[in-house]
1. Computed over the Cα atoms, what is the radius of gyration of the range 90-133 divided by 2.2 N^0.38 Å, N being its residue count?
2. Once you've got the Cα coordinates, tell me which of Lys160/Lys351; Lys216/Lys248; Lys170/Lys287; Lys320/Lys344; Lys248/Lys338; Lys148/Lys320 are over 28 Å apart.
3. Just the Kirkwood number for the range 91-231, please: inverse of mean 1/r across all distinct Cα pairs, in Å, one decimal.
4. Please list the equivalent ellipsoid semi-axes of the range 38-156, computed as the square roots of five times the alpha-carbon gyration tensor eigenvalues, in descending order and whole angstrom.
5. Under a point spin-label approximation (7 Å from Cα along Cα-to-Cβ), what is the Thr362-Thr266 distance to one decimal in nm?
6. Please report, to two decimal places, log10 I(q)/I(0) for the range 183-377 at q = 0.08, 0.16, 0.17 Å⁻¹ as given by the Debye formula with identical point scatterers on the Cα atoms and no solvent.
7. Averaging over all projection directions, find the projected area of the Cα convex hull of the chain and quote it in nm² with one decimal place.
8. What order, most packed first, do the peptides 353-360, 206-213, 109-116, 148-155 have when packing is the mean number of other Cβ atoms within 10 Å of each residue?
Amino acid sequence: MSIFGNSNSISRYKVETSLPLLGSEVNMETCKKALAHLGFRSIVEGAEEVSVGWVQINDQEAASFENPDYLQIGDFIVFSLRRDVRVIPPLILFGEIKKEMDIFLAEHPNFRSVPKPKRTEIKENVKLKLLSRQLPDSQVWDVVWDVKDKMIYLFNTSAKAMEVFELMFKRTFTPFSLIYYTPWHQAEEIAGPLELSYDLKEKNLANSRGVLDLIKSNVWLGRDFLLWILSGNGQAACAGLSAWVDCKIDMASALPEGGIEKITVTGSQHEMPVIKSALKGGAYLTKAGIFFEDNDGAAYSFVLTGETFAISQMKTPTVKLEQSEDSVSEYQGAFLDKMGMIQKGLTYLEKLLGEYLKVRVTYQWDSERRKINDWMEE
């Protein structure tokens, strides 16, 4: 997924290391060599099923990273991860294997069935033949490394993309480690300047600093945040910033016999009675579209997943990538403008989250919760 797409999906990671990546030409050269070492290798001419590797952010065919102007832009290191996969439709694969086995049995009438070693051989040969005929499907995910803030933006939120990226990053940049930027990590960073660190710590239900534990044990953090905004309090809380929930809302509810019932509502302002009824029945918010508008009239929106704070369908004020004689400067300028917009939208989210924490982790939450309950009854 491209940073210059009509909308963006973003997973964020914190980077930990004791070694600076930037600061000298040698270190930047090391970064370039590390990416090129695991650069993408085409499988169009072969029969390999999968190929994964790094490519230049502006050219998915360039894997040597010879042009530093597209690798370091301001305080950012930018590149992309490309994954090509050949997929054979199961029905076709099964049909071709059966055809070859029928031919074998016709040529060997003494056999009632194909011997196991021969079956294995036929399956492998058929698969190889079909793979060589099948063009791979390509996926490219942009990666932006904010060296100053030690933050990485992966422009995808799928579990598979994150798994592949984390593995490739670990293989490429061995001195560095990634930590998924969970809602709890974000809350901790915001709570410090607000002098809410102790209050937040008292609410922590996790038994460790493991990412999964922090997410699963503190699902209340995102669920109540979405509910707080939806109930109307979010819009009034931030000076100079309007925020509201609209468009699409996903909810979930535990079933008496076990399992989870998922509920999706679109056009939330028109369907508010349905939403309130579900919430009163024990449902909770899992995902919602959040809209921001600042004093300048600039609008930002995205869908926020409460459990992980994954960002999807993010839209910012438009940044156009124009073609000009100085294509490098044009690209760098557009990139910095776009990243500035994305970071501003995320800053607005953090601002709203700070206002929420002032209420949620302090004595004010009991009265706030009563207000929310009254809103449900309206």
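Each reported figure results from applying straightforward, stated rules to the coordinates on display, with no laboratory input. Only a predicted model underlies this, so the values are computations on that prediction, with no experimental measurement involved. Note that each Cβ is placed from the backbone with ideal geometry, even for glycine, and that neighbours are counted across all protein chains shown.
1. That ratio works out to 1.15.
2. Lys160/Lys351; Lys170/Lys287
3. Result for the range 91-231, one decimal place: 20.7 Å.
4. 46, 12, 10
5. 4.1
6. -0.31, -1.08, -1.20
7. Mean orientational projected area (the chain, Cα hull): 26.3 nm².
8. The peptides rank, most packed first, as 353-360, 148-155, 206-213, 109-116.
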